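Undergrad: Quick one: the structure is below, and I'll ask about it shortly.
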Amino acid sequence: MACQLEKIYGHQRILNKLISDADNDNISGAYLFVGPSKIGKFTVAKILAKQLQCEGKNCRACLQIRKNIHPDTLVIDDLYVQDQHEDLDRIASHTNLDQQYRVKKGIKTDSIGVDDVRQIIAVMSQKKLANYKIALINKVERLNNQATNALLKFVEELPEKTVVIMTTTDEERLLPTLVSRLKILRFHNLGEDEHRLALSEIFPDKAEEQIKQAIWLSQGRIGRSIDFLKSEQLFQKYVEQYRQIESLFEQSSLARRFDFIKDVVDDSGGVTRFLRIFTYFVRRLLQAKLAGDHDNIATNFSLSQLLNLARTTDTARMRIKGNAKEKLQLENLMLEF
């Protein structure tokens with residue numbers, strides 16, 4: 001009898017198919033799980049890894065995978081980044097790839113480089129002790145071109161009983177030659193009713209209004225709504241910034257908007273958080289405009305203005321991902337409304 005697997009919300013059909021394939025020895029060698037962040041892609045990848053490595057009821061392998069210490073299941077998530085992400089103990093709780101080479105080289109980017117891929121291949125090429133050699137690579141869009149080519153060569157010639165599972169939020173950033181070698185599974189946000197039922201089950205003591213707020217702030221991403229309900233401080237930070245953005249749209253001078261952006265850029269993690277909330281706020285305005293809601297800020301804008309603002313926000317996000325200056329991109333965004 002296999003170990004009992006943890007419950008997954010919203011992706012049971014995908015998981016059931018993967019488990020069935022595993023049980024019938026019909027598993028693919030390389031997968032790409034595509035979908036928004038914080039919806040459970042990497043969780044499903046870990047559950048599949050447990051199913052493949054399971055030795056029986058209450059087995060050691062499943063416990064080791066949960067703790068990221070299984071010798072034949074490599075997990076690549078958080079990476080060492082000099083001056084930003086240097087706590088190796090904390091990194092080890094998410095990633096069991098040796099990070100010492102990144103420390104010695106003083107690597108200052110979260111990109112997955114060719115040295116990272118060589119390290120992955122070296123570990124995956126060692127003799128297996130378990131049922132499979134498995135690599136789980138989160139946010140594979142971090143691969144640079146040289147690393148992608150190295151990984152592609154490995155994927156094209158996978159040894160027997162070797163499985164590589166990658167996740168991404170941005171399939172378009174991956175080289176088509178790599179994507180063409182992978183079996184793609186697409187993950188989607190939870191519907192509101194399913195999301196609410198899931199949170200009510202996980203947090204039976206939370207008030208209905210708090211669960212409702214967590215759902216709309218998370219934009220359907222259950223991982224993020226769970227984070228909100230676990231951390232009151234994080235939850236309130238998002239709620240407060242949503243209100244600040246709302247006040248910018250109601251009535252504010254350009255000078256006030258620029259002061260607000262300065263605070264956002266100076267706050268660690270502030271730019272990512274701001275873009276998430278700003279994007280959601282603009283989408284809500286669009287929904288209100290299309291629904292003809294006359295008691296909404298959306299009445300102050302034309303539909304074309306809101307559509308242009310949504311496009312400009314997406315452009316700012318992509319440019320910032322490409323290392324454009326954050327402050328300049330966000331100030332340009334403030335000029336659009």
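The values are calculated or read from the model by the stated rules, or taken from the named source; none is laboratory data. Just so it is clear, the structure is predicted and the values come from calculations on it, not from any experiment. Virtual Cβ from ideal backbone geometry, glycine too; neighbours counted across all protein chains shown.
Undergrad: Determine the pairs where a residue that is farther than 16 Å from Phe42 by Cβ, located within region 77-99, has a partner that is of a type in the set (Ser, Thr, Tyr) with Cβ atoms under 6 Å apart, the partner being 6 or more residues away or on another chain.
TA: Within 6 Å, the pairs are Gln99/Tyr80.
Undergrad: Do we find that Gly40 is closer than 20 Å to Met166 by Cβ and within 18 Å of the chain's Cα centre (by Cα) in this structure?
TA: yes
Undergrad: Tell me which residues, restricted to region 301-337, are touching a Leu at 6+ places or on another chain (Cβ under 8 Å) and hydroxyl-bearing (Ser, Thr, Tyr).
TA: The answer is Thr312, Thr313.
Undergrad: All but one of (1) part of a loop (DSSP other than H, G, I, E, B); (2) in contact (Cβ under 8 Å) with a residue 12 or more places away in the chain; (3) among the acidic types (Asp, Glu) hold for Glu160; state the number of the condition that does not hold.
TA: For Glu160, the failing item is (2).
Undergrad: Any idea how many residues of region 170-184 are outside any helix (DSSP H, G or I) and surrounded by 18 or more Cβ atoms within 10 Å (Cβ to Cβ)? Full working, then the answer.
TA: Just the residues of region 170-184 that are outside any helix (DSSP H, G or I), to begin with: 170, 174-175, 180-184.
Adding the requirement that they be surrounded by 18 or more Cβ atoms within 10 Å (Cβ to Cβ) leaves 174, 182.
Total satisfying the criteria: 2.
Undergrad: Look at region 34-74 and say how many of its residues are closer than 16 Å to Thr95 by Cβ and assigned to a loop (DSSP other than H, G, I, E, B).
TA: Within region 34-74, residues that are closer than 16 Å to Thr95 by Cβ and assigned to a loop (DSSP other than H, G, I, E, B) number 6.
Undergrad: Let me ask something else about it. Determine which member of the set Arg276, Arg283, Arg243 is over 28 Å from Ile8 (Cα atoms), in the same structural domain as Ile320 (by TED's automatic domain parsing) and assigned to a helix (DSSP H, G or I).
TA: Arg243
Undergrad: Could I ask something else about it? In region 4-35, what count of residues is obtained for those that are farther than 23 Å from Val155 by Cβ and surrounded by fewer than 17 Cβ atoms within 10 Å (Cβ to Cβ)?
TA: Selection size over region 4-35: 10.
Undergrad: Now, a different point. For region 216-228, check the following and say yes or no: at least one residue is more than 30 Å from Arg142 (Cα to Cα) and either surrounded by 17 or more Cβ atoms within 10 Å (Cβ to Cβ) or modelled with pLDDT of 95 or more (or both).
TA: No, region 216-228 contains no residue that is more than 30 Å from Arg142 (Cα to Cα) and either surrounded by 17 or more Cβ atoms within 10 Å (Cβ to Cβ) or modelled with pLDDT of 95 or more (or both).
Undergrad: Then there's this: For region 102-119, name all the residues that are more than 21 Å from Leu151 (Cα to Cα) and either in contact with a Leu (Cβ under 6 Å, 6 or more places away or on another chain) or outside any helix (DSSP H, G or I) (or both).
TA: Listed by number, the residues that qualify are Gly106, Lys108.
Undergrad: Do any residues in region 176-199 that are of a type in the set (Phe, Trp, Tyr) have Cβ atoms under 9 Å from those of residues that are surrounded by 12 or more Cβ atoms within 10 Å (Cβ to Cβ) and assigned to a helix (DSSP H, G or I), where the two are at least six apart or on different chains, and which pairs are they?
TA: Cβ pairs passing all conditions: Phe187/Ile14; Phe187/Lys41; Phe187/Val44.
Yes/no matrix, rows are residues, columns are (1) outside the structural domain of Val34 (by TED's automatic domain parsing); (2) over 19 Å from the mean Cα position of the chain (by Cα); (3) under 30 Å from Arg13 (Cα atoms):
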| position | (1), (2), (3) |
| --- | --- |
| His70 | no, yes, yes |
| Asp87 | no, yes, no |
| Tyr132 | no, yes, yes |
| Lys139 | no, no, yes |
| Asn144 | no, no, no |
| Lys161 | no, yes, yes |
| Met166 | no, no, yes |
| Arg173 | no, no, yes |
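Undergrad: I'd like to know if region 245-266 contains one or more residues that are among the polar types (S, T, N, Q), under 30 Å from Glu141 (Cβ atoms) and at pLDDT 90 or above.
TA: Checked region 245-266: no residue is among the polar types (S, T, N, Q), under 30 Å from Glu141 (Cβ atoms) and at pLDDT 90 or above.
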